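Worksheet: the structure to be examined is printed underneath.
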Amino acid sequence: MSPSTMKQWYIKDAEHDLDGLVYQDAAVPKVGENEVLVKLEAASLNYRDLIIPKGKYPFALQLPVVPGSDGAGEVIEVGAKVSQFKKGDRVATLFNQGHQYAEIDTYAAGTGLGGVVDGTLREYGSFNEQGLVKAPKNLNSIEASTLSCAALTSWNALYGLKPLKPGQVVLVQGTGGVSMFGLQFAKAAGATVIATTSSEEKAQKLKKLGADHIINYKNDPNWGETARKLTPDQAGVDHIIEVGGSGTLQQSFKCVKLEGVISVIGFLGGVDPKTQPTVLEALNHICTVRGVYVGSKALMKDMVRAIEANDIHPVVDDKVFTLDQAKEAYTHMFAQKHFGKLAIKIN
C-alpha cells in the first residue's frame, strides 16, 4: 500500500528564477480508472527544465506545476480500466502525454509533462496509461529516466521524417543528452558520426563512444567546411542534429548534403537575428530544416526496441543528485559541468 504523503518539487511561477522552485510535502495522487500510480525511482533534467523557472520556455506552460518530463519507476497501482500495464511493471514517462502516433498536433503539443501536466520531480506520480511506456529491459531506473525527452528527440530527428540508413553520415554538436543519444543511435544503425566539441577531454570521451571524426569548434570556427571534407566525395552530411542556435546553424548549412536534413532541437548558443540564416538557405542548399518537438509514443516504443536489441546504455553524468538536491542539480547543469544526461535518484 502506498503512503498518503510524499515529497515533491513545485514551480510556483516564472518570475523568481530558481527561487520559484519549492520543495514541499504533498498528498500521493489518487488513481483514476485509466491511470497508473508509479513509484518514481529516478528522473533526469533537460535544458527545458532550466528555462521554465526563468520564464523563457516558448511552448505550452501552466503554472504552478511539478517540474520534470523525464522519469522512470515501478507501477504500484493500476486503475480499473487500465489494460497496458500491471503492478510491478517498470515504466518510463512520455514527454507529451497526448502524442500517441504520427505527427504532433495542437492538442498534443499542450500536454507536456512538467510544463502543463505535473511531472517527475516527486516520489509518486499518477499518469494516464497512454502517457507511459515499458522501460527497456536492459536499463536500470536511472538510465531509463533519461529517455523521455533527449533520447526520443534524437530518435525522432533520425527516424521521424527521413529515416537514417546504414552508411550515411550524421553530425552531432557538443556532448549534451540529445547529441550523445544521436551518436549512439547513429552508430547502432551503421552510420558514420562526426562530432563537434570544445575540449580535448570531451573529445576523448566521444572517441570511446564511437565518434568517427571529432572537430574542436573553438580551434576550427569554420568547422562546417571541415565536416564536409570528411564525408564521401565531400558531398556533405545526411543528418545534422542542430542544438546550438544562430552561429552553429550557419556552419550546418555549410556541411549539409543536398536533400539532407537539419533537425533543429535547441538554441544553446543563443539566437542572434544579425547572424541567423534565413529560411531561404534551405532552398540554396536544397535541404530540409525541421523543428523537432520530442516524439510520439509509437516512436518511443520503436526506440525502446532498438535500445534493447543493441544493448544501448545512455551516457549519464558521474554525479547523480538526490531528490532534495534538485535545485543544486539545476545549478550544476546551468554551469555546464555535466557530460551526457544529469540524473536525480528519487527512491
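The values are calculated or read from the model by the stated rules, or taken from the named source; none is laboratory data. All of these numbers come straight from a predicted model, not from anything done at the bench. Positions of Cβ are generated from backbone atoms using ideal geometry, with glycine treated the same way; all protein chains shown enter the neighbour counts.
Quick one: in the range 94-119, which of the residues that are β-branched (Val, Ile, Thr) and more than 16 Å from Val31 (Cα to Cα) is surrounded by the fewest Cβ atoms within 10 Å (Cβ to Cβ)? Lay out the reasoning, then the answer.
Narrowing the range 94-119 to residues β-branched (Val, Ile, Thr): 104, 106, 111, 116-117.
If we keep only those that are more than 16 Å from Val31 (Cα to Cα) too, we end up with 104, 106, 111, 116.
Numbers: Ile104: 18, Thr106: 7, Thr111: 20, Val116: 19.
Once the filter is applied, the top-ranked residue is Thr106.
For the range 312-329, what are the residues that are touching a residue at least 40 places away in the same chain (Cβ under 8 Å) and exposed (fewer than 15 other Cβ atoms within 10 Å of the Cβ)?
Keep residues of the range 312-329 that are touching a residue at least 40 places away in the same chain (Cβ under 8 Å), which gives 312-316, 320, 323-324, 326-327, 329.
His313, Asp324 - these are the residues of the range 312-329 that are touching a residue at least 40 places away in the same chain (Cβ under 8 Å) and exposed (fewer than 15 other Cβ atoms within 10 Å of the Cβ).
Only one of Gly88, Gly68, Gly79, Gly55 is free of Cβ contacts under 8 Å to residues at least 24 places away in the same chain and not polar (S, T, N, Q); which? Walk me through how you get there before you give the answer.
On the way: Gly68 fails: free of Cβ contacts under 8 Å to residues at least 24 places away in the same chain; Gly79 fails: free of Cβ contacts under 8 Å to residues at least 24 places away in the same chain; Gly55 fails: free of Cβ contacts under 8 Å to residues at least 24 places away in the same chain.
It is Gly88.
Do we have Asn216 as in contact with an Asp or Glu (Cβ under 9 Å, 6 or more places away or on another chain) and closer than 14 Å to Ser198 by Cα here?
So Asn216 fits the description; yes.
Please determine whether any residue of the range 62-85 is more than 17 Å from Gly177 (Cβ to Cβ), surrounded by fewer than 17 Cβ atoms within 10 Å (Cβ to Cβ) and among the aromatic types (Phe, Trp, Tyr).
The answer is no, given that none of the residues of the range 62-85 is more than 17 Å from Gly177 (Cβ to Cβ), surrounded by fewer than 17 Cβ atoms within 10 Å (Cβ to Cβ) and among the aromatic types (Phe, Trp, Tyr).
Against the definition (in contact with a helix residue (DSSP H, G or I) (Cβ under 8 Å, 6 or more places away or on another chain), without any contact (Cβ under 8 Å) to a residue 12 or more places away in the chain and either within 20 Å of Gln168 (Cα to Cα) or of a type outside the set (Lys, Arg) (or both)), how does Asp233 come out, yes or no?
So Asp233 does not fit the description; no.
For the range 269-278, check the following and say yes or no: at least one residue is surrounded by 15 or more Cβ atoms within 10 Å (Cβ to Cβ), over 19 Å from Phe185 (Cβ atoms) and either β-branched (Val, Ile, Thr) or within 19 Å of the chain's Cα centre (by Cα) (or both).
Yes, the range 269-278 has at least one match.
Go through Val304, Val256, Val279, Val261 for me and flag whichever is in the same structural domain as Tyr330 (by TED's automatic domain parsing) and either of a type outside the set (D, E, K, R) or more than 23 Å from Gly340 (Cβ to Cβ) (or both).
Selected residue: Val304, the only one of Val304, Val256, Val279, Val261 that is in the same structural domain as Tyr330 (by TED's automatic domain parsing) and either of a type outside the set (D, E, K, R) or more than 23 Å from Gly340 (Cβ to Cβ) (or both).
Are any of the residues in the range 73-95 touching a Pro at 6+ places or on another chain (Cβ under 8 Å), under 26 Å from Ala135 (Cβ atoms) and in a loop (DSSP other than H, G, I, E, B)?
no
Filtering the range 168-196 down to residues that are assigned to a helix (DSSP H, G or I) and in contact (Cβ under 8 Å) with a residue 60 or more places away in the chain, which residue is surrounded by the fewest Cβ atoms within 10 Å (Cβ to Cβ)?
Within the range 168-196, the first condition is being assigned to a helix (DSSP H, G or I), and the residues that meet it are 177-188.
Remaining after also requiring in contact (Cβ under 8 Å) with a residue 60 or more places away in the chain: 177-181, 184-185, 188.
Values: Gly177: 30, Val178: 29, Ser179: 26, Met180: 26, Phe181: 29, Gln184: 23, Phe185: 26, Ala188: 16.
Across the range 168-196, the extreme among qualifying residues is Ala188.
Exactly one of (1) within 19 Å of Ser179 (Cα to Cα); (2) not in a strand (DSSP E or B) is unmet by Ala329. Its number?
The number of the failed condition is (1).
Residue by residue through the range 222-248, note down the ones that are assigned to a loop (DSSP other than H, G, I, E, B), at pLDDT 95 or above and farther than 15 Å from Glu281 by Cβ.
If the condition is that a residue be assigned to a loop (DSSP other than H, G, I, E, B), at pLDDT 95 or above and farther than 15 Å from Glu281 by Cβ, then Asn222, Leu230, Thr231, Ala235 are the ones that fit.
Six or more apart or on different chains, Cβ under 7 Å: which pairs go from a residue in the range 243-263 that's more than 21 Å from Thr153 (Cα to Cα) to one that's polar (S, T, N, Q)? Could you list them?
Between residues of the range 243-263 that are more than 21 Å from Thr153 (Cα to Cα) and residues that are polar (S, T, N, Q), the close pairs are Gly247/Thr275; Gln250/Thr275.
Just to be sure before I move on: is Val28 in contact with a Pro (Cβ under 7 Å, 6 or more places away or on another chain), among the aliphatic types (A, V, I, L, M) and either farther than 20 Å from Ala108 by Cα or in contact (Cβ under 8 Å) with a residue 24 or more places away in the chain (or both) in the structure I sent? Show your work before the answer.
Values: in contact with a Pro (Cβ under 7 Å, 6 or more places away or on another chain): yes; among the aliphatic types (A, V, I, L, M): yes; either farther than 20 Å from Ala108 by Cα or in contact (Cβ under 8 Å) with a residue 24 or more places away in the chain (or both): yes.
Considered against the rule, which asks whether it is in contact with a Pro (Cβ under 7 Å, 6 or more places away or on another chain), among the aliphatic types (A, V, I, L, M) and either farther than 20 Å from Ala108 by Cα or in contact (Cβ under 8 Å) with a residue 24 or more places away in the chain (or both), Val28 comes out as yes.
Those residues that are under 30 Å from Leu139 (Cβ atoms), free of Cβ contacts under 8 Å to residues at least 60 places away in the same chain and among the charged types (D, E, K, R), I need them from the range 272-309; list them, please. Quick ask: steps written out before the conclusion?
Keep residues of the range 272-309 that are under 30 Å from Leu139 (Cβ atoms), which gives 290-309.
Subset that is free of Cβ contacts under 8 Å to residues at least 60 places away in the same chain: 291, 305, 309.
Correct list: Arg305 only.
It is to be established whether one or more residues within the range 266-275 are in contact with a helix residue (DSSP H, G or I) (Cβ under 8 Å, 6 or more places away or on another chain) and modelled with pLDDT of 95 or more.
The answer is no, given that none of the residues of the range 266-275 is in contact with a helix residue (DSSP H, G or I) (Cβ under 8 Å, 6 or more places away or on another chain) and modelled with pLDDT of 95 or more.
If you go through the range 50-76 one residue at a time, how many are in contact with a strand residue (DSSP E or B) (Cβ under 7 Å, 6 or more places away or on another chain) and either at positive phi or not polar (S, T, N, Q) (or both)?
Taking the range 50-76 as the starting set, the residues that turn out to be in contact with a strand residue (DSSP E or B) (Cβ under 7 Å, 6 or more places away or on another chain) are 52-53, 59-60, 63-76.
This time we only want the ones that are either at positive phi or not polar (S, T, N, Q) (or both), so: 52-53, 59-60, 63-68, 70-76.
Total satisfying the criteria: 17.
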